[in-house]
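Okay, structure first, notes after.
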Amino acid sequence: MSFKKVVIVGGGVLGTQIGLMSAYTGHDTTFWLRSEGSIGRTQSKVDQYSAAMLADLEGAKKLIGNPMGAFLYPHGMIRTWEGITAEKIDELSAQAEQNFAEHVHLELDLAKALADADIIIEAMAENPEAKIEMYEKMKDVMSEDSILCTNSSTLLPSTFAEHTGRPEKYCALHFANTIWKNNTAEVMGHPGTDPAVYEKVVAFADEINMVPLQLHKEQPGYILNSMLVPFLSAAQGLWADEVADPETIDLTWRLATGAPKGPFEILDIVGLTTAYNINQMKPEAQTEGTLINKIGKMLKEKIDKGETGVTAGKGFYDYN
Ligand SMILES: NC(=O)c1ccc[n+]([C@@H]2O[C@H](COP(=O)([O-])OP(=O)(O)OC[C@H]3O[C@@H](n4cnc5c(N)ncnc54)[C@H](O)[C@@H]3O)[C@@H](O)[C@H]2O)c1
């Protein structure tokens, strides 16, 4: 293992998941948290996500011998499915419990948390001003060799590079929600990122059981969202224009492409609130009579009824 100490700044949804994958793969992992109150909130997420990871590991036993097993197993938790046995899964679970107990640390003191870190991953809320303020605070206490990454979904690393005090050691490392199953890690530098640092970040992603996906230049939305957002918008356009209903649109996509899920099933997982926020960022959203404006109204109507997706039990589909 070339990365000994990993630090996560921000113990929210994604930060917790990234930190747990780091601990799962045997790395000493410190979460830096800003207040006493954050400790309880992050600890409960650590408990919740580590339990979900262990449950998925246990559940993978049922997939052994199933021809779909190779597609459905939690890819971040089991590096190779070929030759997997229930005994090997038990060994992974026992190791995981030990690693979670020994390698996860919560720390309020910023200097202590960051000291001698090999890699620091910033997973704070998507607020550019708060991120800049944080980088400015960190730059005086970070060890010289520490690599710094941002998990930002929508902001480009070049926006922040100069505020980090180490632009050449800074890039984006972007994970997907439920990273222990959906183990993509998009690696995106800015023009000033040292290529050797970029390669180290690629190696780190692999070390924590992610599949590193390398971008050769900055791209808002990375690879995945550059494709997914327009695809989901096109589906919402067909729905709002009353061309077809969500079930038929999903069926068309699944039958014609062999994909396991259609756009509205994906929207239910992403959450309708996120879909609404993305839609409302488009300039036409404010113009009465446009399709984008109508999509906004139709999504808002569902959100107001509490139909925000899978986690609410209902979105475009009923999960109750
Ligand atoms: N949620 C996702 O599906 C997802 C996926 C990929 C990337 N991301 C990115 O990850 C980052 C975090 O997203 P999340 O979903 O985990 O958010 P979240 O709201 O769950 O967590 C944000 C964390 O940042 C902390 N924080 C907020 N402001 C702070 C400040 N001023 N100082 C210190 N800490 C502060 C909060 O206490 C919280 O722990 C964002 O940049 C987001 O774009 C999110």
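How tilted is helix 246-257 with respect to the longest principal axis of the chain? Cα atoms for both, answer in degrees (0 to 90, nearest 10). Helix 246-257 sits roughly 70 degrees off the main axis of the chain. Around the amide H of V9, modelled in the peptide plane, lie the amide H atoms of W32, I121, E122, A123, all under 5 Å away and 5 or more residues distant in sequence or on another chain.
Residue by residue through the range 135-146, which ³J(HN,Hα) values in whole Hz follow from phi under the Karplus form 6.51 cos²θ - 1.76 cosθ + 1.60 (θ = phi - 60°), with glycine and proline marked x? So the Karplus estimates, Gly and Pro as x, are 4, 5, 6, 6, 5, 7, 10, 6, 5, 4, 8, 4 Hz.
Computed over every Cα-Cα pair of the chain and binned at 10 Å starting from 0, the pair-distance distribution P(r) comes out as 6, 23, 30, 26, 13, 2, 0 percent.
Reported to the nearest whole Å, the Cα centre-to-centre distance from the range 81-126 to the range 1-65 is 6. Ordering S50, S158, S146 by the number of other Cβ atoms within 10 Å of each residue's own Cβ, fewest first, gives S158, S146, S50.
Over the range 227-312, what relative contact order in percent results from Cα pairs under 8 Å that are six or more residues apart?
Averaging sequence separation for qualifying contacts and normalising by length gives 28 percent for the range 227-312.
Taking a straight Cα-Cα cut-off under 29 Å and skipping sequence neighbours fewer than 8 places away in the same chain, the lysines within cross-link reach of K314 are K45, K62, K181, K261, K282, K294, K297, K300, K302, K305.
The local environment of D145, defined by Cβ-Cβ distances under 10 Å, has a net charge of -1 under the rule Lys, Arg +1 and Asp, Glu -1.
Exposure proxy for T29, T80: other Cβ atoms within 10 Å of each Cβ, ordered fewest to most, give T80, T29.
With a simple spin-label model that places each label point 7 Å from the Cα along the Cα-to-Cβ direction, the separation between F71 and K300 comes to 3.9 nm.
Highest mobility in the GNM of the chain, judged by mean-square fluctuation with C-alpha springs under 10 Å and restricted to A51, A123, A256, is found for A256. For the chain, the longest principal axis of the alpha carbon atoms and the long axis of helix 224-240 meet at an angle near 20°.
Once the Cα atoms are used to define both axes, helix 195-207 deviates from the longest principal axis of the chain by about 80 degrees.
The amide H of A117, built 1.01 Å from its N in the peptide plane, has S143 as neighbours under 5 Å, considering only residues 5 or more places off or on other chains.
Scalar couplings 3J(HN,Hα) for the range 38-49, obtained by applying the Karplus form with A = 6.51, B = -1.76, C = 1.60 to θ = phi - 60°, are 5, 4, x, 5, 6, 4, 5, 5, 4, 5, 5, 6 Hz; x denotes Gly and Pro. To one decimal place, what Kirkwood hydrodynamic radius in Å is obtained for the range 1-65 from all pairs of distinct Cα atoms? It works out to 12.8 Å.
Laboratory data are not the source of any read-out in this text; all were calculated from the coordinates shown. Just so it is clear, the structure is predicted and the values come from calculations on it, not from any experiment. Here Cβ is always computed from backbone atoms with ideal geometry, including for glycine, and neighbour counts include all displayed protein chains.
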